[in-house]
Amino acid sequence: MNINLTPDLEKLIYEKIDTGMYQSPNEVIREGLMLLQEKDQLREIKLKQLRQDIQAGIDSGDSVVFDIESIKTK
């Protein structure tokens, strides 16, 4: 697999290696991909919760029309 990076991203990778936290570009890329995977999983969990909350609202019964104008006049 070949990956083409912008000069800024390549610089970032080598800066990370220079800190001593990573030994190779592969380690930096691997860490980035793992973080992306975690972010995707968190997004999926939040989306699932949102769907459950929406369904709970639907299941809670009849809705009430919210009339902002009547509230403003009180």
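At-a-glance table
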| quantity | calculated |
| --- | --- |
| Helix 7-18 axis, angle to the chain major axis (alpha carbon atoms, nearest 10°) | 70 degrees |
| 1.4 Å probe accessible area per residue over the chain, in Å² | 96 Å² |
| Between 0 and 90°, nearest 10: helix 25-59 axis offset from the chain longest Cα axis | 10 degrees |
| Accessible surface of the chain [probe 1.4 Å, protein heavy atoms]: carbon and sulfur percent | 56 percent |
| Cα-centred dipole magnitude for the chain, charges only on beta-carbon of K, R (+1) and D, E (-1), debye, nearest 20 | 120 debye |
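The values are calculated or read from the model by the stated rules, or taken from the named source; none is laboratory data. Just so we're clear, the structure is a prediction, and the values are computed from it rather than from any experiment. Don't worry about glycine lacking a Cβ; one is built from the backbone with ideal geometry, like all the others, and counts go over all protein chains shown. The protein model used for the area step is the full one, side chains on, heavy atoms only, and it has no ligands, DNA or RNA in it. Shrake-Rupley method; radii C 1.70, N 1.55, O 1.52, S 1.80 Å.
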